[in-house]
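Participant: Mind having a look at this structure? Questions to follow.
The values are calculated or read from the model by the stated rules, or taken from the named source; none is laboratory data. Worth saying up front: this structure is predicted, and the values here are computed from it rather than measured. Glycine gets a Cβ as well: all are built from the backbone with ideal geometry, and neighbour counts include every protein chain shown. Just the protein is used for accessible areas: all its heavy atoms, side chains included, with ligands, DNA and RNA removed. Shrake-Rupley method; radii C 1.70, N 1.55, O 1.52, S 1.80 Å.
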Amino acid sequence: MNYTLIALAVLFALETAIGHAGTADSAAVVRPDVRAMRTTQPIVIDGVLSEEAWREAPQVSEFLQRDPTEWAPASERTSVRILYDDNALYVGARLYDRHPDSIVARVGRKDMDQSSDDFFVGLDPYNDHRTGFYFGIDAAGTYLDGVLYNDDWNDNSWDGVWEGRSTIDSLGWCVEMRIPFSQLRYHESDEQIWGIDFERHIRRKSEDDLYTFRPKNGSGFVSRFVHLVGLQNLGRSQQLEIMPYVTTRAEYLHYPSGDPFHDGSKYSPNLGLDLKLGLGSNLTLTGTVNPDFGQVEVDPAVVNLSDVETYYQEKRPFFIEGASIFNFGYGGVTNFWDFNFPVPTFFYTRRIGRAPQGSIPDADYADIPPGTRILGAAKLTGKIGESWNLGTIQAVTNREYARLSSGGTTTRAEIEPLTYYGIVRAQREFNEARQGIGLLITSTVRSFAEDRLRSDMNNNSHVVGIDGWTSFDSDKTWVLSGWTEMSHVRGTHERMISLQENSQHYFQRPDAKSYGVDSSTTSMTGFAGRFLVNKQKGNVLFNSSVGIISPTFDQNDLGFLSRTDVINMHAGGGYKWTDVTPFYRQLGAIAAGYQSFDFDGNLEARGVYWETWCEFPNYYYVDLWGWYNAETINTRRTRGGPLTLNPPGVQLSLYSNTDPNQQVVLSPYFHGYSSISSKNWNGGLSVTWHPASNISLSIGPDYTRNIENSQWVGAFDDPTATATYGKRYVFGKMDQTTLSANIRLDWTFTPRLSLQVFVQPLISAGDFLEFKELARPGSYDLPVYGTRGSTISLNDGTYTVDPDGIGPAASFSFGNPQYNFTSIRGNCVLRWEYLPGSVLFLVWTQSRSNDQQIGGFEFGPSVDKLWHMVPDNIFMIKLSYWWNP
């Protein structure tokens, strides 16, 4: 089935039927340039535009609505003026409102969208029409800032040091901003020309007003900015920021009695230094000495019974800030549909400073560091020349040891080697960003003190990738985007065998044809790539891609990849209605077909996907989607064993939310999947409540029920099991129930002083009702033990199976896999920005958990266990001082 040809035929028929309506952007509105005026008068940032310079500066107004009525004049007038001096750019905005008592002003922590009335300025200092910065402030004084990239996308992880104030008066409200030139990067020139745009939200009307209009059926944001002119003799963008800090950490944790390394308490003072230095006007060097990379927010608890590693979000500021520059494979295109393709994370920063991964020798007691210490790290970002974007991170992590105690004798063993991590990312746009090309290089190099660890991890790993895009037409409606990578890892014979047999590769599969375990090799080289065509503009949608990951590709030393051996493709299209009617504000529908093969030609996935969404006149939103998966081959169920069959299945999902601008917002959701192999249901309701203008409380209970008919138990050698290559592959029917909740309180006393509380209780139980084995490869024939002459018995938590009764097969045993896991994790963070860029953190983290080998979900007893478990507590204080000499 050629999904691409079918989708293209439907697409062209649709466009012909509607007369090519919405193929490209609606007619653009031409806006005059914005002119900045130099001032020598001191500007006091108080939210009151009282200085004479504000009255003399040229103003811009005449904003247009994007919502609720596209292209209509803004319902309230907005007037903006720009000033500058030798050190900073000043933005002053008068936001008129005929009902100032109705202005929504909710106080929030920096970068928290509180659905307040707000005002933004977007800047493109390089005038490259693809990247930039945004600075915003709401009616309550909350700061919002970040970077703009790939023309359409934004990233709020960047935190600038700037000043802003807002005030409400009888005419509406005012905004005053001071943005130091040291926070921006721009080319050296006597006369600067930047890109600029302004945006305003009036929440009670759900109104979005812009100066430079961006139509709903178009693409591109930064490329639509008008010019900011009048900036002369700015000099070089000098940046030097020094941030020394001190921390202290107190841990009160529970350990086994008699542990010679831990008495239940530990105190860890520390100090360090962060540095930002502008190298010319285009590059910024960020360095850190003796860094504190402890994250403030705790990771959520998960129950993972799969063969895929759990992916955790990065929460450490050094790695979060400016992370978008390291994005690979996403340039030029606004939509990246994905159907059953294991998209790699090319740079997974959680690998740096991870928990030690080396094996630990047997001992009575062990003292294991929770993370690998980062000795130092440096990051360089910016531009080289006119159009090359550059980003690089270099980091070195410490050699870590575990202290061991056996029979009263204390020794130590290396569990993480001294390691270098490096990444270089470069990207260039040309021909007005109609084309682009990029390069990515990552390296991991380890220095072992003990040869024992060489079989646990690779000696070194290198990845080289190229990505890029090209537009097929002058207005960039049709774009081809793609990437390709090559990986190379080296290690000992033992390590390469382990790598080939891990869950990403499964080379030991007895019925694999394209590959097998090579016990003589000391290296492995692989490749991967994906190419995608996307229709960027118009009401008609189209997206198609082909992706491939070779069996020998491996990038998990500094990336994240769940599996290899994939050839994937999809094609789909749809239509979106953006004109407001009495029945909806926006409406859309898409459909797609997809399929995946492995390198042996086995059909691993084939199906169809559909989705429809609607925003109603009252701003309620509903999204409904579903899948049909045909019968396919499963290469992973036996975890390195023979092929099995995937029975066909269907999935239906629903997400909805009420008006996000109201005091109470409800977001229910549901997901259901049904096939012979499994049935699962997941549902929940997220409730966000603003009881006061400075308090936000969200509660999100989540319930999952999973009936898995072929949950992995284990593989057991048996020479009589000739049909399954001398092993018996055992599965269980698991009835799993999980109940959890994410509870978050944000209490903002002022925009610079806030309290955040996060709590996550989790109860999960898995009961195994029966056990079975694979009868023959390539099937879903799983006879249950206790039938067909087999027997099974349970004694003292151990199951004993005789697979053929009186036959020649030997019996074997395995532990009862049922479980009951209860956990509660939470933390409380008080953040005070006592001076611009200088912050005091007070953090309290508590966790409790209990794991028992009992099945069955019991809510009452589980909750009782949660409250009676002895907690682990960690307290942390961090004080930093931002100095801009």
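Participant: May I ask you to work out the translational diffusion coefficient for the chain at 20 °C, viscosity 1.002 mPa s, via Stokes-Einstein with Rh from the Kirkwood sum over Cα pairs, reported in whole µm²/s?
Facilitator: It diffuses with D of about 70 µm²/s by this estimate.
Participant: Relative contact order for the stretch 628-705: what is it in percent, counting Cα pairs under 8 Å that are at least 6 residues apart?
Facilitator: 21 percent.
Participant: Which length gain, in nm to one decimal place, applies between L271 and N850 when the Cα-Cα distance is subtracted from 0.36 nm times their residue separation?
Facilitator: 204.9 nm
Participant: Continuing with the same structure: Points 7 angstrom from Cα along the Cβ direction at A630 and E770: gap in nanometres?
Facilitator: 3.0
Participant: Spin-label point model (7 Å from Cα, Cβ direction): what's the D111 to E858 distance in nm?
Facilitator: 4.5
Participant: Here is a further query. Which order do S116, S443 take when ranked by solvent-accessible area (1.4 Å probe, heavy atoms of all protein chains), largest first?
Facilitator: Putting S116, S443 in descending order of accessible area: S443, S116.
Participant: Do the sum for the chain: with -39,500 (n - 2.57) for every DSSP H run of n ≥ 4, divided by all residues, what is the mean residue ellipticity at 222 nm, to the nearest 500 deg cm²/dmol?
Facilitator: Rounded to the nearest 500, it is -1500 deg cm²/dmol.
Participant: Separate question: Which value in nm describes the separation of the simple spin-label points at V302 and N618, placed 7 Å from the Cα toward the beta carbon?
Facilitator: Between V302 and N618, the simple spin-label model gives 3.7 nm.
Participant: Which entries in the list K315/K513; K315/K727; K315/K537; K379/K576; K383/K535; K315/K733 go over 32 Å, if you measure between the two C-alpha atoms of each?
Facilitator: Correct reply: K315/K513; K315/K727; K315/K537; K379/K576; K315/K733.
Participant: How far is helix 859-868 tilted, in degrees, relative to the longest principal axis of the Cα atoms in the chain, given as a value from 0 to 90 rounded to the nearest 10?
Facilitator: Computed tilt is about 80 degrees.
Participant: Sticking with this one: Calculate the translational D of the stretch 714-756 in whole µm² s⁻¹ from Stokes-Einstein, where the hydrodynamic radius comes from the Kirkwood formula applied to all Cα pairs, the temperature is 10 °C and the viscosity 1.306 mPa s.
Facilitator: 101
Participant: Hey, if you put +1 on the Cβ of every Lys and Arg and -1 on every Asp and Glu Cβ in the stretch 145-290, which of L210, L279, Y267 ends up farthest toward the positive end of that dipole?
Facilitator: L210
Participant: If I take R0 = 35 Å and measure r between the Cβ atoms of N816 and T492 in this structure, what FRET efficiency does the formula 1/(1 + (r/R0)^6) give, to the nearest 0.05?
Facilitator: My answer for the efficiency is 0.45.
Participant: For the stretch 261-352, state the semi-axes of the equivalent ellipsoid (square roots of 5 times the eigenvalues of the alpha-carbon gyration tensor), sorted largest first and rounded to whole angstrom.
Facilitator: One finds semi-axes of 30, 27, 9 Å for the stretch 261-352.
Participant: Next question. Roughly how large, in nm² to one decimal, is the mean projection of the convex hull of the alpha-carbon atoms in the stretch 410-527?
Facilitator: With every direction weighted equally, the projected area is 11.1 nm².
Participant: I've got another one for you. Find the accessible area per residue for the chain; the probe is 1.4 Å, ligands and nucleic acids are left out, and the unit is Å².
Facilitator: 42
Participant: With a 1.4 Å probe and all protein chains kept in place, how do S698, S447 rank by accessible area, largest first?
Facilitator: S447, S698
Participant: Dividing the alpha-carbon Rg of the stretch 556-668 by 2.2 N^0.38 Å yields what?
Facilitator: Its radius of gyration relative to the 2.2 N^0.38 Å reference: 1.46.
Participant: Subtracting the Cα-Cα distance from 0.36 nm times the residue separation, let me have the gained length for E309 to H868 in nm, one decimal.
Facilitator: Length gained, E309 through H868: 198.2 nm.
Participant: What FRET efficiency comes out for the pair A591/D86, r = Cβ-Cβ distance, R0 = 35 Å, nearest 0.05?
Facilitator: Rounded to the nearest 0.05, the efficiency is 0.05.
Participant: Any chance you could run the full-extension gain for E56 through W610? It's 0.36 nm times the residue separation minus the Cα-Cα distance, nm to one decimal.
Facilitator: Separation in residues times 0.36 nm, less the Cα-Cα distance, equals 193.8 nm.
Participant: Still on this structure, please answer the following. Where the accessible area of the chain is counted over protein heavy atoms with a 1.4 Å probe, how much of it, in %, is carbon and sulfur?
Facilitator: With neighbouring chains kept in place, the figure for the chain is 57 percent.
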